[in-house]
Amino acid sequence: MYSMRDPLRRAEQLFGDREAVVCGETRRTYRELASRVRQVAGLLETITEPGDRVALWAANSDRYLELFVGIPCADRAIVPHNTRWAEPELIYATEDAGAKVLICDRDPGALADVVDRVLRLDTGEYDDLLDAAPERSPAVGPDTLAGLFYTGGTTGASKGVMLTHANLMANAVHTQLAQPILDDDRYLTMAPMFHAAGVYAALSVIWVGAANVVQPAFEPNQTLDLVEVEG
């Protein structure tokens, strides 16, 4: 079975100059995306240890995609936070997961007190640190923990579901069996990426070298414009 690094490695080798992700004015090729994913590992190497949990609290973006792939490929576990949670729910999931770092695109509030380090996407801090980070590619296997994905908590406290690289790659295989994505497809991600609905096809898109058009949040008119403009 594969790790999450394999689809990106294949895409970089075969489709390096092809458009990988579009978000607003940002357009990156697979070569650029792969480089940034390796820099995520280089950045995390300076503030975390292998196996540490990294919480991500942000709206959809091109950087969300690189972190969704990059944190597990750095041998760390991603903890995507629901942007609709209230502060007590956010604190609970952060503490329950044992997250050492929070990456966010907003004021962290009380969450800053329950992690060792906060990195802000909205202030330019993350981009500055990433630009200065070396590219790293630590070994990760299929059974390495990729993330803790918290349930809705409709019948009690939300629970962190432990998913390995193999689990997420199996989902990519199943996506291709049920809803094949082709190399010339342009996939619109508009569901929230903290949820499986927003990222279930992300690895399949990368695997075949298609383009992921990321919308920060669903807005009907903008969605229709994106469908027309981006094909």
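The values are calculated or read from the model by the stated rules, or taken from the named source; none is laboratory data. The shown structure was predicted, so the numbers you read here are calculated from the model rather than taken from an experiment. Here the Cβ is made from the backbone with ideal geometry for all residues, glycine too, and neighbour counts use every protein chain on show. In case anyone asks, the SASA skips ligands and DNA or RNA and just uses the protein heavy atoms, side chains included. Shrake-Rupley method; radii C 1.70, N 1.55, O 1.52, S 1.80 Å.
Suppose we keep only residues that are in a loop (DSSP other than H, G, I, E, B) and within 14 Å of PHE149 (Cβ to Cβ) within the stretch 192-217. Which one would you say is modelled with the lowest pLDDT?
As a first pass, look at the stretch 192-217 and keep what is in a loop (DSSP other than H, G, I, E, B): 192-195, 200-201, 209-210, 215-217.
If we keep only those that are within 14 Å of PHE149 (Cβ to Cβ) too, we end up with 192-195, 200.
Details: PRO192: 96, MET193: 96, PHE194: 96, HIS195: 93, TYR200: 89.
The extreme case among them is TYR200.
Condition first: outside any strand (DSSP E or B) and within 19 Å of ALA34 (Cβ to Cβ). Can you find one or more residues in the stretch 172-181 that meet it? Reasoning before the result, please.
Taking the stretch 172-181 and keeping what is outside any strand (DSSP E or B), we get 172-181.
Cutting the leftovers down to within 19 Å of ALA34 (Cβ to Cβ) gives us 172, 181.
Yes, there is a match, as at least one residue in the stretch 172-181 is outside any strand (DSSP E or B) and within 19 Å of ALA34 (Cβ to Cβ).
Could you go through the stretch 56-67 and let me know if any residue there is in contact with a helix residue (DSSP H, G or I) (Cβ under 9 Å, 6 or more places away or on another chain) and in a strand (DSSP E or B).
yes
Would you confirm whether any residue within the stretch 147-156 is surrounded by fewer than 22 Cβ atoms within 10 Å (Cβ to Cβ) and part of a helix (DSSP H, G or I)?
The answer is no, given that none of the residues of the stretch 147-156 is surrounded by fewer than 22 Cβ atoms within 10 Å (Cβ to Cβ) and part of a helix (DSSP H, G or I).
With the checklist (1) touching a residue at least 24 places away in the same chain (Cβ under 8 Å); (2) open to solvent by 30 Å² or more (accessible area, probe 1.4 Å); (3) farther than 30 Å from ILE91 by Cα; (4) not small (Gly, Ala, Ser) in hand, flag the one item HIS174 doesn't pass.
(1)
Would you check which residues across the stretch 12-30 are over 16 Å from LEU188 (Cα atoms) and either touching a Leu at 6+ places or on another chain (Cβ under 8 Å) or free of Cβ contacts under 8 Å to residues at least 40 places away in the same chain (or both) and list them?
GLU12, GLN13, GLY16, ASP17, THR29, TYR30
Please find, among ALA139, ALA146, ALA132, the residue that is at pLDDT below 95 and closer than 21 Å to VAL40 by Cβ.
Details: ALA146 fails: at pLDDT below 95; ALA132 fails: at pLDDT below 95.
Answer to the selection: ALA139.
Looking at (1) within 18 Å of ASP116 (Cα to Cα); (2) open to solvent by 10 Å² or more (accessible area, probe 1.4 Å), which is the one condition that is false for ARG63?
Checking ARG63 against (1) within 18 Å of ASP116 (Cα to Cα); (2) open to solvent by 10 Å² or more (accessible area, probe 1.4 Å), the one that fails is (1).
Can you spot a residue in the stretch 27-49 that is under 26 Å from MET162 (Cβ atoms) and of a type in the set (Gly, Ala, Ser)?
Yes - at least one qualifying residue is present in the stretch 27-49.
Inside the stretch 79-118, can you point out the residues that are in contact (Cβ under 8 Å) with a residue 60 or more places away in the chain and aliphatic (A, V, I, L, M)?
VAL79, ALA93, ALA97, VAL115
Can you confirm whether the stretch 123-140 contains a residue that is of a type outside the set (D, E, K, R), part of a strand (DSSP E or B) and touching a residue at least 12 places away in the same chain (Cβ under 8 Å)? Break it down stepwise before answering.
Step one: of the stretch 123-140, the residues of a type outside the set (D, E, K, R) are 123-124, 126, 129-130, 132-134, 137-140.
Keeping just the survivors that are part of a strand (DSSP E or B) gives none.
Checking the stretch 123-140: not a single residue is of a type outside the set (D, E, K, R), part of a strand (DSSP E or B) and touching a residue at least 12 places away in the same chain (Cβ under 8 Å).
Out of the residues in the stretch 191-222 meeting the condition of being more than 14 Å from the chain's Cα centre (by Cα) and open to solvent by 10 Å² or more (accessible area, probe 1.4 Å), tell me which one is nearest to ASP105 (Cα to Cα).
Result: ALA217.
What number of residues within the stretch 69-110 satisfy the criterion of being at positive phi and crowded, with 18+ Cβ neighbours inside 10 Å? Quick ask: steps written out before the conclusion?
Filtering the stretch 69-110 down to residues at positive phi leaves 75, 98, 109.
Filter once more, so that each one left must be crowded, with 18+ Cβ neighbours inside 10 Å: 75.
Counting residues in the stretch 69-110 that are at positive phi and crowded, with 18+ Cβ neighbours inside 10 Å gives 1.
For the stretch 148-169, give me each residue that is among the hydroxyl-bearing types (Ser, Thr, Tyr) and under 23 Å from ILE206 (Cα atoms).
THR164
Of all the residues that make up the stretch 1-38, how many are part of a loop (DSSP other than H, G, I, E, B), closer than 23 Å to GLY147 by Cα and open to solvent by less than 70 Å² (accessible area, probe 1.4 Å)?
Going through the stretch 1-38, the residues part of a loop (DSSP other than H, G, I, E, B) turn out to be 1-4, 16-18, 24-25.
Still in the running and closer than 23 Å to GLY147 by Cα: 1-4.
Checking the rest, the ones that are also open to solvent by less than 70 Å² (accessible area, probe 1.4 Å) come to 3-4.
So the answer is 2.
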